[in-house]
Amino acid sequence: MVKTINRHSPKITTLADGTDALLHMTDLVGEEDGPLIGISASIHGNENCGSQAILDLYRRLKDMRLRGTIRLLPVVNARAMVVNARFSPIDQRDLNREFPGDPAGTFSQQLAAALTREFLGKIDMHIDLHSGTDRPTVDYVYLLNDEGLSRAFGSKILYRPDDTKQGTKFSGTTKDVTVERGVPAAVIELGGGIVDQGPYIERIVEGVLNMLRHAGAIDEEATPPPAQIVVNEIAGIRPTKGGWIEPLSPPLGDELAPHQPLFRVVSPYNFEVLEEAKSPFERGIMIMGHLTRNIVEAGDYGWMVGNLDGATS
């Protein structure tokens, strides 16, 4: 078992109803010295697969022999999560574009500053859990500054962003704090959609446990990763019309034929097909998509396809 379990809730700011907004963190302190590993989820409030996985991780880890300390931050953006929204309803800002934050700014900017001060600025390794919101489902892992850590999660598809290409480099994300500090970081994208989340949550738990084995926090041999594909380009394809979005593509992780159909949007009112979208690549691979028929507005999250031309293993 772990040596001690410590809980701490530093203050972010005071809200208009007179209550304090807090960060709720739990430290699992191992019996041996080692790094401080941070695991976080729900930076975007409608991506709570990771938060559920951290609950299950806590139940597993508290009875294990650990090296170092594991700091669990299960719900980063609580105000957004409780209303199932990507952004906080207080200021409607994307928290993952606000780092390192501003202690004198809006709510999300103050939240980013508190996260930088109390979490990202203190940990020695970061595992950040995301998913595909409550509509589309996603399955890939970012390759940032520690390839072994990212590969240890066990996903088939890895993404190494080409920061020289327009649209691939986002400023203000958590990695702007961790990577700048030289802290090994991995971003997991898994789960979401109007489907049973149980299998995805189980995969997140097992994948993170294997990352902790790889990092030496758990005194067990890490499982070698499966055959993996590293893509350097991902295209996001969003509907331009609102209506029912119906999937036409194969399962996540499958290869696509040249310019294969991905989805169509159908009017719920007169049954007319309003648009049909296709893969933009000669050789593509499925990374994100709606697995069931959903209602969408123009510009909602749709599909993500990796470009297999130039991909490596």
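Remarks
- The chain, relative contact order [Cα under 8 Å, separation at least 6], %: 16 percent
- Taking a Cβ cut-off of under 13 Å around residue 251, the surrounding Lys, Arg, Asp and Glu residues balance to a net charge of -2, with basic ones at +1 and acidic ones at -1.
- Among 288, 64, 211: highest mean-square fluctuation, GNM of the chain, C-alpha pairs under 10 Å: 64
- Here the contact order of region 235-307, divided by its residue count and restricted to Cα pairs under 8 Å and six or more residues apart, works out to 44 percent.
- Descending semi-axes in whole angstrom, ellipsoid equivalent of region 153-271, from the Cα gyration tensor: 32, 20, 15
- Contact order for region 105-224, expressed relative to its length and based on alpha carbon pairs under 8 Å spaced 6+ residues apart, stands at 34 percent.
- Long-range HN-HN contacts of residue 123 with modeled amide H, under 5 Å: none
- Separation of region 287-313 and region 195-259, taken as the distance between their Cα centroids, equals 12 angstrom.
- Listed values for region 286-300 are Karplus-derived 3J(HN,Hα) couplings in whole Hz (6.51 cos²θ - 1.76 cosθ + 1.60, θ = phi - 60°), namely 6, 10, 8, x, 7, 8, 9, 5, 10, 8, 9, 9, 4, x, 5, and x replaces Gly and Pro.
- Values of log10 I(q)/I(0), in the order q = 0.10, 0.13 Å⁻¹, for the chain under a Debye, Cα-only, solvent-free model: -0.57, -0.96
- Once backbone amide H atoms are built at 1.01 Å from N, residue 146 has 185 as its partners under 5 Å, excluding neighbours fewer than 5 places away on the same chain.
- Rounded tilt (10° steps) of 198-214 against the dominant C-alpha axis of the chain: 50 degrees
- Longest exposed-site-free window of the chain, the sites being chymotrypsin sites (Phe, Trp or Tyr not before Pro) in a DSSP loop that have at most 15 other C-beta atoms within 10 Å: 1-169
- Most simply put, region 87-201 has about 35% antiparallel DSSP beta bridges, counting only bridges with both residues inside it.
- Taking Lys and Arg as +1 and Asp and Glu as -1, the other residues whose beta-carbon sits under 15 Å from that of residue 86 total -3.
- 0 to 90° range, to nearest 10: angle between helix 49-61 axis and the chain longest Cα axis: 40 degrees
- Close amide H partners of residue 298, meaning residues 5 or more places away or on another chain with modelled amide H under 5 Å apart, are 242.
- Listed residues 59, 283, 151, most fluctuating in the chain (Gaussian network, C-alpha, under 10 Å): 59
- The chain: antiparallel DSSP beta bridges as a percent of all, rounded to 5: 65 percent
- Size of region 76-198 as Cα extents on the principal axes (Å, biggest first): 41, 37, 30
- Chain lengthening between residue 309 and residue 63 when straightened (0.36 nm per residue, less Cα-Cα): 84.0 nm
- Comparing 126, 44, 24 in a Gaussian network model of the chain, where Cα atoms under 10 Å apart are tied by springs, the biggest mean-square fluctuation is seen for 24.
- Using all pairs of distinct alpha-carbon atoms, the Kirkwood hydrodynamic radius of region 231-313 works out to 12.8 angstrom.
FYI, it's all coordinate maths here, none of it is from the lab. Being a predicted model, the structure only gives us computed values, none of them experimental. Here the Cβ is made from the backbone with ideal geometry for all residues, glycine too, and neighbour counts use every protein chain on show.
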